[in-house]
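A short write-up of the structure that comes next.
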Amino acid sequence: MTVPQHGDLERPHTLTGDIRTHSDFHSRVLDNDRTVLVYLPPKYNAATVDRYPVLYLHDGQNVFDQATAFGEEWRVDETAQELITAGRIEPIIVVGVYNTGDRRIDEYTPTPAPDGDTGGHADDYGHMLVEELKPFVDETYKTRPDAANTAMGGSSLGGLLTMHLGLRYREVFGKLAVLSPSVWWDDRVILREVETISHRTAQRIWLDAGTREGERVIADSRRLRDALVAKGWTLGEDLAYFEAPDGEHNERSWAARVGPMLEFLFPPS
């Protein structure tokens, strides 16, 4: 579960680098508002001709800031800053898209839950992302808007959402970061979705799970890996699969995998 909760004691902000805040970003598709944070790489300058790849991350509360995260934060800003400065990844823009709390399950799942009361609005969220948020980001910041330079990522239900929308919008998102995906949702519907595509798409995919998340999670992640390989993805080339030793289903474990994920998806030119 990755919905932020706040205790009685406020935690300090840990934002690193140049991060812009867009509060109350309104979606007409979803009829709701959410906060969007945008990390800009070192030396970003609106006056230069440089343009940058973009990574959209779900559960934006957890991406940059300890003060808003559920448990630990992912430290994407600190990690990106370090890797860019060291020349280990190309400079990138990272967009943290906040979830909407009690509507998170509805927006992050492709099909309804068996009880029919929750879930099933991932495609609506996808419309918001592709038709409203991405155009806003591309207009406001110096992005490379093509699919080869546009990535999406998330963990748990956010990982499920990333895989689902990645298949649906393959002409928009050319890179996917799928961390500890909830493959189990709706009797593993995501595996059936992969099976319906005729062949590999031109997408680079990072897929992982932690060894302490349970045998079912590891087995499901391997099934997803194998389904992708069966469609033509090649391990070590356009598909990275990683089982994190002692990795758990939490933000601290996902934060530890941000570096390798960024290095795989955004190698230096």
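The values are calculated or read from the model by the stated rules, or taken from the named source; none is laboratory data. Since the structure is predicted, the reported quantities are computational estimates derived from the model, not experimental observations. Note that each Cβ is placed from the backbone with ideal geometry, even for glycine, and that neighbours are counted across all protein chains shown. Heavy atoms of the whole protein, side chains included, go into the accessibility calculation; ligands, DNA and RNA do not. Shrake-Rupley method; radii C 1.70, N 1.55, O 1.52, S 1.80 Å.
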Exercise. Taking every DSSP beta bridge that has both residues in the stretch 54-153, what percent is antiparallel when rounded to the nearest 5?
Worked result: 10 percent
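Report, to the nearest whole %, how much of the accessible area of the chain belongs to carbon and sulfur atoms, 1.4 Å probe, protein only.
Of all accessible area on the chain, carbon and sulfur atoms account for 49 percent.
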Exercise. Residues of the chain: accessible area per residue at 1.4 Å, in Å²?
Worked result: 43 Å²
For this session: Please report, in debye to the nearest 20, how large the charge dipole of the chain is about its Cα centre when each Lys and Arg carries +1 at its beta carbon and each Asp and Glu carries -1 there.
Result: 860 debye
Exercise. So, in nm, how far is label Arg200 from label Arg188 when the simple model puts each one 7 Å beyond its Cα toward the Cβ?
Worked result: 2.2 nm
For this session: Run the quick spin-label model on Asp102 and Arg170: label points 7 Å from Cα toward the beta carbon, then report their separation in nm to one decimal.
Result: 3.9 nm
For this session: Starting from the Cα of Arg28, step 7 Å along the direction of its Cβ; do the same at Glu215; then give the gap between the two resulting points in nm.
Result: 5.3 nm
Problem set entry | aspartates and glutamates whose Cα lies under 15 Å from that of Lys142, excluding same-chain neighbours fewer than 8 positions away | Asp18, Asp50, Glu90
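Excluding Val97 itself, what net charge comes from residues whose Cβ is under 9 Å from its Cβ, given Lys and Arg +1 and Asp and Glu -1? Could the numbers behind the result be given before it?
Working: positive: Arg34; negative: Asp59.
Net local charge, Val97 excluded: 0.
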Exercise. Tell me which lysines have Cα within less than 17 Å of Lys175's Cα, excluding those fewer than 8 residues away on the same chain?
Worked result: Lys134, Lys231
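Name the GluC sites (Glu not before Pro) in the stretch 137-220 that are in a loop by DSSP and that have at most 14 other C-beta atoms within 10 Å, would you?
Working: sites: Glu139, Glu171, Glu193, Glu195, Glu213, Glu215; in loops: Glu171.
Qualifying residues, ordered by number: Glu171.
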For this session: Would you kindly derive the ³J(HN,Hα) couplings of the stretch 209-226 from the backbone phi angles with the Karplus curve 6.51 cos²θ - 1.76 cosθ + 1.60 (θ = phi - 60°), listing them in order in whole Hz, with x for Gly and Pro?
Result: 6, x, 5, 9, 7, x, 4, 5, 5, 4, 4, 5, 5, 5, 4, 5, 4, 5
